[in-house]
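Taking it in order: structure first as structure tokens, then the write-up.
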Ligand code: HGY
Ligand code: MN
Ligand code: MN
């Protein structure tokens, strides 16, 4: 059992230092994937890891893997990781806490001259947010074989720039095939992004799994026409159709309360002019629920709502499902290591299912994986006011350190006993 303690002040300083990379005047962070701010933090990440004697490998979709040697180089590394990209009006903690938490663990081990049995790895997954380029968790999805590299390369942002072009523009097209950098387990520290831990006054979320999530791209096409001279009976207003669907998604989600959520968060209208009846509306739908069967039913009800709006208003509807991640349960041994670590630190904890999606969802289909949550103030995230207290960040990183060391020790014991 180790008595290593992470350095809370160093962790907080590092969080605040990186929050300035894409920092916003109101205190939030805009570090969209593959932007120059993303390049800035990636370059910084590489320098920090190399300063600890680690080697950094970049794969073909920009996923970054920093490796720390263990006593037994033949073993698969134990990974820690999350994402460095943010929402356009993101906060200082979503994703980056998991990467910087892993960095703090590695800094603590380095300072102590402590070498684990298995190698350790710190991962930055590309485009977890799915904001600039949908869908979310794209880099980890390509690593896991859910999406092809070509599919990812072809995704475009609202300006029409392709993922592959942006990746090469910041110099992060690695020469290793996605999926070819192996590791044996992953622990992801993340803020909860919801209200439960704070409401129950718990410091640690022992994450059991992640709910199912589906994203759709919908294009409704009507007819652009003059707002002044076109009678109401002669209109094919695509934005009116979108409004009906937006209302319908909300109604379907409430119909599956309390577990379901449904949102339309992005919409583009063409030609988007004051005095033109909208000829086209393109928007995304985000549906989530802990049970896949419920998502199947929600999907049917939303599709029916789209068809009805199109038929009533005289629109063409194109619906593409661009992401489907079924509910995932995390690994019992990893979860037990987290529980052990929370107990060891004397922290209050509770089991929890993640409402938000994470790279751990794709990774869990490949190797033993779990997550550690710390509270979000007011349950708020994907908002500039996102906040988690320094001592809570430090508690999460201490649990990350002790969970990884415990997992490493338990596996070393099994090998010795064999
Ligand atoms: O969509 C999500 O849950 C994550 O923030 N990408
Ligand atoms: Mn995140
Ligand atoms: Mn996020």
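Against the condition free of Cβ contacts under 8 Å to residues at least 60 places away in the same chain, in a loop (DSSP other than H, G, I, E, B) and more than 16 Å from ligand 2 (Cβ to nearest atom), how does residue 165 come out, does it pass? Judged against the criteria, residue 165 is not a match. Taken as a whole, the range 40-50 holds at least one residue that is at pLDDT 95 or above, over 16 Å from residue 17 (Cβ atoms) and touching a strand residue (DSSP E or B) at 6+ places or on another chain (Cβ under 8 Å). Just one residue in the set 182, 231, 195 is surrounded by 15 or more Cβ atoms within 10 Å (Cβ to Cβ), more than 20 Å from residue 283 (Cα to Cα), out of contact with any strand residue (DSSP E or B) (no Cβ under 8 Å at 6 or more places or on another chain) and at pLDDT 95 or above; that residue is 195.
Would you tally the residues in the range 375-389 being surrounded by 24 or more Cβ atoms within 10 Å (Cβ to Cβ) and more than 15 Å from ligand 3 (Cβ to nearest atom)? Counting residues in the range 375-389 that are surrounded by 24 or more Cβ atoms within 10 Å (Cβ to Cβ) and more than 15 Å from ligand 3 (Cβ to nearest atom) gives 1. Looking only at the range 89-101, filter to residues that are within 15 Å of ligand 1 (Cβ to nearest atom) and part of a helix (DSSP H, G or I); which one of those is surrounded by the most Cβ atoms within 10 Å (Cβ to Cβ)? Only one residue tops the list, namely 98.
Looking at the range 253-273, is at least one residue touching a residue at least 24 places away in the same chain (Cβ under 8 Å) and assigned to a helix (DSSP H, G or I)? So far as the range 253-273 goes, yes, one or more of its residues are touching a residue at least 24 places away in the same chain (Cβ under 8 Å) and assigned to a helix (DSSP H, G or I). Here the condition is being in contact (Cβ under 8 Å) with a residue 12 or more places away in the chain, under 30 Å from residue 72 (Cβ atoms), away from ligand 3 (no atom under 16 Å from the Cβ) and touching a strand residue (DSSP E or B) at 6+ places or on another chain (Cβ under 9 Å); of 105, 207, 146, it holds for 105 alone. Looking only at the range 352-360, decide whether some residue is touching a strand residue (DSSP E or B) at 6+ places or on another chain (Cβ under 9 Å), over 30 Å from residue 24 (Cα atoms) and more than 16 Å from ligand 3 (Cβ to nearest atom). Yes, because at least one residue in the range 352-360 is touching a strand residue (DSSP E or B) at 6+ places or on another chain (Cβ under 9 Å), over 30 Å from residue 24 (Cα atoms) and more than 16 Å from ligand 3 (Cβ to nearest atom).
This table checks each residue for (1) without any contact (Cβ under 8 Å) to a residue 12 or more places away in the chain; (2) in contact with a helix residue (DSSP H, G or I) (Cβ under 8 Å, 6 or more places away or on another chain).
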position	(1), (2)
297	no, no
320	no, no
328	no, yes
346	yes, no
362	no, yes
375	no, yes
389	no, yes
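Only one of the listed residues (159, 198, 188) is assigned to a loop (DSSP other than H, G, I, E, B) and either free of Cβ contacts under 8 Å to residues at least 24 places away in the same chain or closer than 26 Å to residue 397 by Cβ (or both). That residue is 159.
Please work out if residue 287 is modelled with pLDDT of 95 or more and not in a strand (DSSP E or B). No; evaluated as a whole, the condition is false for this residue.
Within the range 102-122, the residues that satisfy the criterion of being over 29 Å from the mean Cα position of the chain (by Cα) and either closer than 12 Å to residue 49 by Cα or part of a helix (DSSP H, G or I) (or both) are 111, 112.
Looking at this structure, is residue 56 touching a helix residue (DSSP H, G or I) at 6+ places or on another chain (Cβ under 8 Å) and free of Cβ contacts under 8 Å to residues at least 24 places away in the same chain? When the stated conditions are applied, residue 56 passes them.
The values are calculated or read from the model by the stated rules, or taken from the named source; none is laboratory data. Because the structure is a prediction, the values reported are computed rather than measured. Glycine also receives a Cβ, built like all others from the backbone with ideal geometry; neighbour counts cover every protein chain displayed.
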